[in-house]
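Encoded as C-alpha cells, the structure appears first; notes follow it.
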Amino acid sequence: MLILTCPYCGVQAEETELHPGGEAHLKRVGPDGSDEDFEAYLFARKNPKGVHFERWRHAYGCGKWFLAARCTASLQVFGTYKAQNPYPPAEIVDAIRAHRPDWQPDWTVQHAQAESPAE
Amino acid sequence: MPSDAPRSGRYSVFAIAREALRQHSGWKRAWASPEPRGRYKVIVIGAGGHGLATAYYLGRNFGITDVAVLEKGWLGGGNTGRNTTIIRSNYLQDPSAALYEKARSLYETLSQELNYNIMFSPRGLIMLAQTEHEVRGYRRTVHANNLQGVATEWIEPARVKELVPIINLDGPRYPVLGGLYQARGGTARHDAVAWGYARACSDMGMHIIQNCEVIGIETECGQVRAVNTSKGRIGCEKLAIVVAGHSSQLAEMAGFRLPIESVALQALVSEPIKPCMDVVVMANTVHGYMSQSDKGEMVIGGGTDGFNNFTQRGSWHHVEETVRALIETFPMISRLKMLRQWGGIVDMTGDRSPILSATPVGGIFVNCGWGTGGFKAIPGSGWAMAELIAKGTPGPLAAEFGLNRFREGRFIDESVAAGVAH
C-alpha cells in the first residue's frame, strides 16, 4: 500500500487516508492565454512513466493539500513537500537524483528561485 | 476482402474430422511471424484487440494490406488479455451509443466472419440501480437507447431476481431497486478476439511483428517518416498509435501531448464453481461487476486507482472494497476463494470517452482513451479507425471523438452520464 508522509502534520498516511489530486505545478492560464494554452492547462498531462509530481490531500487527517514526488513505474516515493512550493524544492530534486541519476527537471533553476516563497 | 482459403486453413467440422484421422498433424500456425520489411504503407503500433481490428478493417473495408502491426510484448498481452470480457452498448450519449452498438453488432457475427470462435455469449447484462439517482439515470438511459436503436429495457426488482436467483435484493445498505437490462449484451473470449483478428490479418498478407518495441518516431516537416524499433528502422506512410496505457509515451516520441492519464484497473477471479449466474451483473454504486466464465470462475472487476501508475498491479484496498460490496449483493460468494488478481494500465481521458483522431503530426493517427471499457468496443473501434486512416478524415462513427473536442469543449461526457468510470 502506498504510504506518504504528510508534510503538514507529519503523519505517515496510508493510501486509504489520502485523496489523489493529479499532476502538480500546473500553472493557470490567465485572460491573455491562447486557446491552446488553456486546453493544455485543463487537459494535456505529462503522464510520465517515471518521476511524477502530484497533488494529494490528507483527506482523513489534517485535510490539507500537499505535493509528492513519486515514480509511476516502480511506485517508489522520493518525498513529499508543501503545496506552497511553485516548483519542487532542492531536497526533493536531490532525493530523485540519488535514485535516478539520468533524470532531468523540466524547469530551470532561475524559475525556481524567482518564484520560491519567502520563508 | 480476405480470400476464401486462408493460409492457415479453414476451421470447420470437416477440418476437425480430417485432423482426427491423422493425429492432428496438419494444423498450421494461426498467424505468421515474419521479420519486418523496410517499409509499409501503414504501421499500427500495438497488437491488442484495437490495433489488430484496425489492421483487419483496413484490409477488409479498404483493401489496404501493406500493413505491419508492431507489438512490444506478445499479441493480446496487454489490456486485451486483462479485461473482464464484458460487451454492452447501453450508453447515454448518441456518439457513444453509435460506436459501441456498432461494435456489439459486429461481435454478433465475428466468429463466422473471422472463421475463429470468439465464444461471443449474448447472455444478457444488468446494470443494477441501487440508489434513487441510479433509477432515474437508468430510466433516462433506456429512453435514450430506444431512440438510438439500442435494445435495452428497464426491469423491476422481481425480474432482476428471476434473471439472477443468487442476488439479494434487500440490501440493507444498497437495496436493488431495478435494473437497466440489455438482453443482447454479454461476454466473449478476449484472447480469441485478438487471435482471430491476428489470423485474419496474417491471411491477408499483413505482418504481425511481436517483441518489437517502438523506441522513436521519425518525422520530417511535420509528417511521419518512420519508426525506430528494437528490430530496426521501419518506414511508413501512415502511423496508427493504438497502445492504451502508453499512449502518452508514444505521443511524446512524436512530439505532442494527449489529454490522457494512465491508471491501474484491476480484476480478480474466484475458484471455479458450478453454473450459478448466466447473466452479467454490474453494480455501479458500489463499483463491482461480476459474471461467470465458461470455466465456472466468478470474474469480478473493480475500480481504478486514482493516481498515475504504470505497474499493472492495483491497490489492495480496492479489491477489499469491491469484494465487500459484492458480498452484500451476492451473499453466496462470501466463502469463495479468489484464485488470481491482476491489473492493467488504462488510459483515461478528461471526459472518459475515447479518442479516434488525426494528430498535430501529418500521417499519425491515435486510437486511445478507452479507459476502463475498451474490450467491448474493439470491432467498432477498428472499423472507425480504419476509415479514419484510409480516408484521412473521420467517418460518422469517429467524427465526434476527435482531439479537437477538448479545445472546443464538445465533450462526450459519459463519466457523468454513466455515473461510473465504465
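Close Cβ contacts (under 9 Å, 6 or more residues apart or on different chains) running from residues in the range B:116-139 that are surrounded by 21 or more Cβ atoms within 10 Å (Cβ to Cβ) and assigned to a helix (DSSP H, G or I) to residues that are modelled with pLDDT of 95 or more and among the aromatic types (F, W, Y) comprise B:Y138/B:W154.
How many of the residues in the range B:371-422 are modelled with pLDDT under 90 and part of a helix (DSSP H, G or I)? So the count comes out to 5.
Let's see how each residue does on (1) surrounded by fewer than 21 Cβ atoms within 10 Å (Cβ to Cβ); (2) closer than 19 Å to B:N367 by Cα; (3) β-branched (V, I, T); (4) in the same structural domain as B:G402 (by TED's automatic domain parsing):
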| site | (1), (2), (3), (4) |
| --- | --- |
| B:S202 | no, no, no, yes |
| B:M206 | no, no, no, yes |
| B:I217 | no, yes, yes, yes |
| B:C236 | no, yes, no, yes |
| B:Y289 | no, no, no, no |
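Quick grid of which residues meet (1) outside the structural domain of B:Q112 (by TED's automatic domain parsing); (2) farther than 24 Å from B:L110 by Cα:
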residue: B:R340; (1), (2): yes, yes
residue: B:N367; (1), (2): no, no
residue: B:G371; (1), (2): no, no
residue: B:A377; (1), (2): no, no
residue: B:R410; (1), (2): no, yes
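Against the test of being within 26 Å of B:G81 (Cα to Cα) and in a strand (DSSP E or B), the options B:A198, B:A240 yield a single qualifying residue, B:A240.
Residues checked against (1) out of contact with any Leu (no Cβ under 6 Å at 6 or more places or on another chain); (2) assigned to a loop (DSSP other than H, G, I, E, B); (3) free of Cβ contacts under 8 Å to residues at least 24 places away in the same chain:
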| site | (1), (2), (3) |
| --- | --- |
| A:E39 | yes, no, yes |
| A:A44 | yes, yes, yes |
| A:P48 | yes, yes, no |
| A:E54 | yes, no, no |
| A:G63 | yes, yes, yes |
| A:F66 | yes, no, no |
| A:A69 | yes, no, no |
| A:L75 | yes, yes, no |
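Only residues that are surrounded by fewer than 18 Cβ atoms within 10 Å (Cβ to Cβ) and under 16 Å from B:N308 (Cα atoms) were counted in the range A:55-107, giving 5. Picking from residues in the range B:140-164 that are in contact (Cβ under 8 Å) with a residue 40 or more places away in the chain and closer than 20 Å to B:P331 by Cβ, the one that is surrounded by the fewest Cβ atoms within 10 Å (Cβ to Cβ) is B:L163.
Consider B:N61 carefully, then state whether it is assigned to a helix (DSSP H, G or I) and among the polar types (S, T, N, Q).
Working: assigned to a helix (DSSP H, G or I): yes; among the polar types (S, T, N, Q): yes.
For B:N61, the condition - assigned to a helix (DSSP H, G or I) and among the polar types (S, T, N, Q) - is met.
The requirement of being in contact with a strand residue (DSSP E or B) (Cβ under 7 Å, 6 or more places away or on another chain) and without any contact (Cβ under 8 Å) to a residue 24 or more places away in the chain is fulfilled somewhere in the range B:271-294, by at least one residue.
Residues are listed down the side, and each one gets a yes or a no for (1) at pLDDT 95 or above; (2) within 19 Å of the chain's Cα centre (by Cα); (3) not assigned by TED's automatic domain parsing to the domain that holds B:Y56:
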{"position": "B:L92", "(1), (2), (3)": "no, yes, no"}
{"position": "B:P95", "(1), (2), (3)": "yes, yes, no"}
{"position": "B:L99", "(1), (2), (3)": "yes, yes, no"}
{"position": "B:K102", "(1), (2), (3)": "yes, yes, no"}
{"position": "B:S105", "(1), (2), (3)": "yes, yes, no"}
{"position": "B:T109", "(1), (2), (3)": "yes, yes, no"}
{"position": "B:Q112", "(1), (2), (3)": "yes, no, no"}
{"position": "B:T131", "(1), (2), (3)": "no, no, yes"}
{"position": "B:G137", "(1), (2), (3)": "no, no, yes"}
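Across the range A:46-56, which residue is nearest to the other protein chains (Cβ to nearest Cβ) among those that are over 12 Å from A:H25 (Cβ atoms) and of a type outside the set (S, T, N, Q)? Residue satisfying both the conditions and the ranking: A:K49. Among the residues of the range B:255-308, just one is aromatic (F, W, Y) and under 30 Å from B:E218 (Cα atoms), namely B:F256.
When the residues of the range A:77-95 are narrowed to those that are of a type outside the set (A, V, I, L, M) and in a loop (DSSP other than H, G, I, E, B), which ends up nearest to the other protein chains (Cβ to nearest Cβ)? By that ranking, first place goes to A:P88.
Give the residue that is nearest to the other protein chains (Cβ to nearest Cβ), with candidates limited to residues of the range B:328-382 that are aliphatic (A, V, I, L, M) and over 20 Å from B:Y289 (Cβ atoms).
In the first step, residues of the range B:328-382 are kept if they are aliphatic (A, V, I, L, M); the result is B:332-333, B:336, B:338-339, B:345-346, B:348, B:355-356, B:358, B:361, B:364, B:366, B:377-378.
With the extra rule that they be over 20 Å from B:Y289 (Cβ atoms), the set shrinks to B:355-356, B:358, B:361, B:364, B:366.
Details: B:I355: 11, B:L356: 17, B:A358: 16, B:V361: 15, B:I364: 16, B:V366: 13 Å.
Top of the filtered list is B:I355.
Close Cβ contacts (under 7 Å, 6 or more residues apart or on different chains) running from residues in the range B:300-317 that are within 20 Å of A:E23 (Cα to Cα) to residues that are basic (K, R) comprise B:F310/A:K49.
Filtered by the rule that a residue be outside any strand (DSSP E or B) and in contact with a Lys or Arg (Cβ under 8 Å, 6 or more places away or on another chain), the range B:341-362 gives a lone residue, B:D351.
If only residues of the range B:293-322 that are over 21 Å from the mean Cα position of the chain (by Cα) and polar (S, T, N, Q) are counted, the one that is nearest to the other protein chains (Cβ to nearest Cβ) is B:S315.
Residues in the range A:25-37 that are within 11 Å of chain B (Cβ to nearest Cβ) and in a loop (DSSP other than H, G, I, E, B): how many?
Adding up the residues that qualify gives 1.
I'd like to know if the range A:1-19 contains one or more residues that are acidic (D, E), surrounded by fewer than 16 Cβ atoms within 10 Å (Cβ to Cβ) and more than 14 Å from chain B (Cβ to nearest Cβ). Within the range A:1-19, not a single residue is acidic (D, E), surrounded by fewer than 16 Cβ atoms within 10 Å (Cβ to Cβ) and more than 14 Å from chain B (Cβ to nearest Cβ).
The values are calculated or read from the model by the stated rules, or taken from the named source; none is laboratory data. Source: prediction; values computed, not measured. All Cβ positions, glycine included, derive from the backbone under ideal geometry; neighbour counts span all protein chains shown.
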